[in-house]
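The values are calculated or read from the model by the stated rules, or taken from the named source; none is laboratory data. Only a predicted model underlies this, so the values are computations on that prediction, with no experimental measurement involved. Here Cβ is always computed from backbone atoms with ideal geometry, including for glycine, and neighbour counts include all displayed protein chains. Remember, those area values only see protein heavy atoms, side chains included, never the ligands or the DNA or RNA. Shrake-Rupley method; radii C 1.70, N 1.55, O 1.52, S 1.80 Å.
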Amino acid sequence: MTLKKICCIGAGYVGGPTCCVLASKCPDITVTVVDISEARIKQWNSEKLPIFEPGLDDIVKQCRGKNLFFSTDVDKAIIEAELIFISVNTPTKTYGLGKGRAADLKHLESCARRIANVAQSSKIVVEKSTVPVRAAESITNILKANVKPNVKYQVLSNPEFLAEGTAIKDLCNPDRVLIGGERSAAGQEAIEALCWVYEHWVSKEKVITMNTWSSELSKLAANAFLAQRISSINAMSAVCEATGADVSEVSYAVGSDTRIGPKFLQASVGFGGSCFQKDVLNLVYLCDCLNLPECAAYWQQVIDMNEYQKRRFVNRIIECLFNTVADKKIAMFGFAFKKDTGDTRESASIYLSKYLMDEGAQLRIYDPKVEDSQIMRDLTAPNISENPERVDKLVSLFSDPYRAAEGAHAVVVCTEWDEFKTLDYQRIYNNMLKPASIFDGRMILDHEALHDLGFHVETIGKKITRGKVTRQFPSV
Ligand code: NAD
Ligand code: UDX
C-alpha cells in the first residue's frame, strides 16, 4: 500500500519537526500539519518558526509550499488524508481523577471525535502522542461507535523518541521506529503502510512492529529507564559530595561497563522537559490503577530523587551564601530545560528560581533562546508564585550574560549552553560583588580556572578544593 496524503494533528515540538523530516524524506507524499492554534500555524508559515531546533529552518525552507503545508483547516486535512498522525499534547492532569499523575487525554479524544465526524473515507489513525497503555482502544471505540458506510479505521501506535535540541538528527537517524497495531489482516496492512513511509529513509531492521499495547508501554518504559538513570547518577552525586568522590569519575567508571553504557549518566541539577516527569507519573498512575503499588512506588522514587536534587542544589547555594539570599543578586545562566532548545517546560530553572524567590533573592536571568515573556509566564504560574507583582520585583531579564552578572553575589549555571563554557569569567568576576560565587549545576565549567580567578566554586557531585587538578572525563 502506498500513500499520497498524510496529515498530522498538532503542530508542536513533535508534530512540527516530525512532519518536516517526513516531507523532506518523502517527496512523493503531501504532508499537511494542522493545529487549532492560529498563532502557532501563523508562525510555522512565517520566517520565525514557533520552536527553535537546530537544522529545522533549513528543512522548512526546502519543503514548505511544495509538499509540506501548515494549516488551521483541520477538517479539510482530515478529509483528504489517508493516514493521520495525532501529535497533540497529553500533559499531566491538573484536575479530577488522577490529578497530578494521570495523562490528560482530552485533546487526544477530541481528535478522535473530529476524525469520526468529518472523515468520508477510510483512514489509518496513528497515535504519535505519548499515552497510557490501551489509549488506542479508546480511540478505536470512539471511531467505531461513529462509523459511516464505506469508512473503515485502523489505529496504530507509533510513539516518538526524538529529544529536543537534537530532534532533526534523531528523526533523520532514529535508533528504532516502533509501530504497534492489530494482529488482524487489516491491522497488518496498516502497519505495512506506515512501514513503507518510514522505509523512505530508515533501514528495514530498525522498524520494529509489535502489538499495540507493547508499543504504547515501550514508550513509557523507555522514558522511565532514561529518567531513572539520571536519578541514579544524581543520587550518587549526593554520595560523592559527602565523601570526596567525584561523580564524573564515578559516571565514567560505571558507564565504561559495556552492559551499562555511558549515555544519560550526566549528573545535573535535575532533569526537566515536558516528557520525563509526565511519563513517569503516567506510569506510576498506571501501576497504581493496576493494583501494583510496589511498582508504582519504585518509579515514583525516580521523581522524588529529581525533586530532592533540585532542592539540594538550592540549599547549597543558600548555605554557601552565608545562609541567606534575601535581597542578594543571583545571576541565573540558562532557563531552558537543556541546551539547544527554547523550551522551558518543567525546566529545573523554574524550580530553582521559585525556591530562591521564596527566600527573597533578586534573580537576574539570561538565556540565549528563551523569550522573556515565556520566563515571566513560567515564574508567575500559580504553582510557582501566588503573587505576580512580587515576581516582577524580584526578577530582571537580560539579553547579555555579562550584564546579568554585574553587581551579583553569585552566578548559577542552570542550562548547559555551550556559550557558557567560553565566557570571559575574569570580566564577570571583576564586575561581581565579593566574595563572588559560582554554582555550576551542569558541570560544564573549568572549576580549577575559576578558582584561580578568585571565585568560590561549587558544582554537582564534587567537593572542590583549591589546587586540586581533576582529570576531565568526556561527558555524554
Ligand atoms: P506541544 O504542546 O508542543 O504541541 C501539541 C499541539 O497540539 C499544540 O500546538 C496544540 O495547540 C495542538 N492541539 C491540541 N489539541 C488539538 C486539537 N484537538 N486539534 C488540533 N491541534 C490540537 O506538544 P509536544 O511536545 O509536541 O508533544 C506532543 C505529544 O508527543 C505528547 O504526547 C508528548 O508526550 C509526546 N512527545 C513529546 C516529545 C518532546 O520532546 N516534546 C518527544 C516525544 C513524544
Ligand atoms: C526525552 C527523551 O530523551 C526522548 O527520547 C523522548 O522522546 C522525550 O523525552 P527530552 O526531554 O527532549 O527527551 O531531552 P533529554 O535529552 O532526554 O533530556 C531531558 C532532561 O534530562 C534535560 O533536562 C537534560 O538536561 C537532563 N539530562 C539528560 C541529565 O540531567 N543528564 C543526562 O545524562 C541526560
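Against the definition (at pLDDT below 95, within 31 Å of the chain's Cα centre (by Cα) and closer than 23 Å to Asp246 by Cβ), how does Ser475 come out, yes or no? For Ser475, the condition - at pLDDT below 95, within 31 Å of the chain's Cα centre (by Cα) and closer than 23 Å to Asp246 by Cβ - is met.
Is it true that Val133 is surrounded by fewer than 18 Cβ atoms within 10 Å (Cβ to Cβ) and in contact with a helix residue (DSSP H, G or I) (Cβ under 6 Å, 6 or more places away or on another chain)? Against the criterion (surrounded by fewer than 18 Cβ atoms within 10 Å (Cβ to Cβ) and in contact with a helix residue (DSSP H, G or I) (Cβ under 6 Å, 6 or more places away or on another chain)), Val133 does not qualify. Whenever a residue of the stretch 33-49 is away from ligand 2 (no atom under 16 Å from the Cβ), its partners that are open to solvent by 100 Å² or more (accessible area, probe 1.4 Å), lying with C-beta atoms within less than 9 angstrom and at least six residues away or across chains, give the pairs Val34/Lys76. Number of residues in the stretch 366-392 that are over 23 Å from the mean Cα position of the chain (by Cα) and closer than 20 Å to Gly334 by Cα: the value is 2.
Would you be able to tell me the number of residues in the stretch 326-373 that are within 16 Å of ligand 2 (Cβ to nearest atom), open to solvent by 50 Å² or more (accessible area, probe 1.4 Å) and free of Cβ contacts under 8 Å to residues at least 40 places away in the same chain? Result for the stretch 326-373: 0. Of all the listed residues (Phe85, Phe69), the sole one being of a type outside the set (D, E, K, R), open to solvent by 30 Å² or more (accessible area, probe 1.4 Å), under 26 Å from Glu199 (Cβ atoms) and in contact with a strand residue (DSSP E or B) (Cβ under 8 Å, 6 or more places away or on another chain) is Phe69. Within the stretch 79-100, residues that are over 30 Å from Cys7 (Cβ atoms) have Cβ atoms under 8 Å from residues that are among the basic types (Lys, Arg) in these pairs: Lys99/Lys93; Gly100/Lys93, counting only partners at least 6 apart in sequence or on another chain. If you check Ala103, Ala167 for being within 16 Å of ligand 2 (Cβ to nearest atom) and over 27 Å from Ser24 (Cα atoms), only one passes: Ala103. Just one of the listed residues (Val254, Val202, Val269, Val207) is more than 16 Å from ligand 1 (Cβ to nearest atom), surrounded by 14 or more Cβ atoms within 10 Å (Cβ to Cβ), under 29 Å from Asn315 (Cα atoms) and touching a residue at least 24 places away in the same chain (Cβ under 8 Å), and it is Val269. Can you confirm whether the stretch 409-422 contains a residue that is within 23 Å of Ala267 (Cα to Cα) and without any contact (Cβ under 8 Å) to a residue 12 or more places away in the chain? Yes, the stretch 409-422 contains a residue that is within 23 Å of Ala267 (Cα to Cα) and without any contact (Cβ under 8 Å) to a residue 12 or more places away in the chain. Of the residues making up the stretch 272-294, just one is open to solvent by less than 60 Å² (accessible area, probe 1.4 Å) and without any contact (Cβ under 8 Å) to a residue 40 or more places away in the chain, namely Cys287. Taking the criterion of being under 28 Å from the mean Cα position of the chain (by Cα) and not aromatic (Phe, Trp, Tyr), the residues of the stretch 393-404 that qualify are Leu394, Val395, Ser396, Leu397, Ser399, Asp400, Pro401, Ala404.
For Cys63, the conditions (1) open to solvent by 70 Å² or more (accessible area, probe 1.4 Å); (2) touching a helix residue (DSSP H, G or I) at 6+ places or on another chain (Cβ under 9 Å); (3) under 24 Å from Leu194 (Cβ atoms) all hold with the exception of (1).
Would the stretch 115-134 turn up any residue that is without any contact (Cβ under 8 Å) to a residue 12 or more places away in the chain and away from ligand 2 (no atom under 16 Å from the Cβ)?
no
Would you point out which residue out of Leu423, Leu433 is under 27 Å from Ala449 (Cα atoms), touching a His at 6+ places or on another chain (Cβ under 9 Å), hydrophobic (A, V, I, L, M, F, W, C) and open to solvent by 20 Å² or more (accessible area, probe 1.4 Å)? The unique qualifying residue is Leu433.
Restricted to strands (runs of 3 or more DSSP E) entirely inside the stretch 380-440, those with at least 1 residues that are closer than 30 Å to Gly100 by Cα and touching an Asp or Glu at 6+ places or on another chain (Cβ under 7 Å) are 410-413. The single condition among (1) touching a helix residue (DSSP H, G or I) at 6+ places or on another chain (Cβ under 9 Å); (2) surrounded by 13 or more Cβ atoms within 10 Å (Cβ to Cβ); (3) modelled with pLDDT of 95 or more that Ser121 does not meet is (2). Beta carbons closer than 6 Å, at least 6 apart along the sequence or on distinct chains, pair a first residue in the stretch 166-191 that is within 20 Å of Leu220 (Cβ to Cβ) and open to solvent by 20 Å² or more (accessible area, probe 1.4 Å) with a second that is modelled with pLDDT of 95 or more and among the β-branched types (Val, Ile, Thr) for Arg176/Ile208. So, Arg466, is that one more than 16 Å from ligand 2 (Cβ to nearest atom), surrounded by fewer than 21 Cβ atoms within 10 Å (Cβ to Cβ) and modelled with pLDDT of 95 or more or not? So Arg466 does not fit the description; no.
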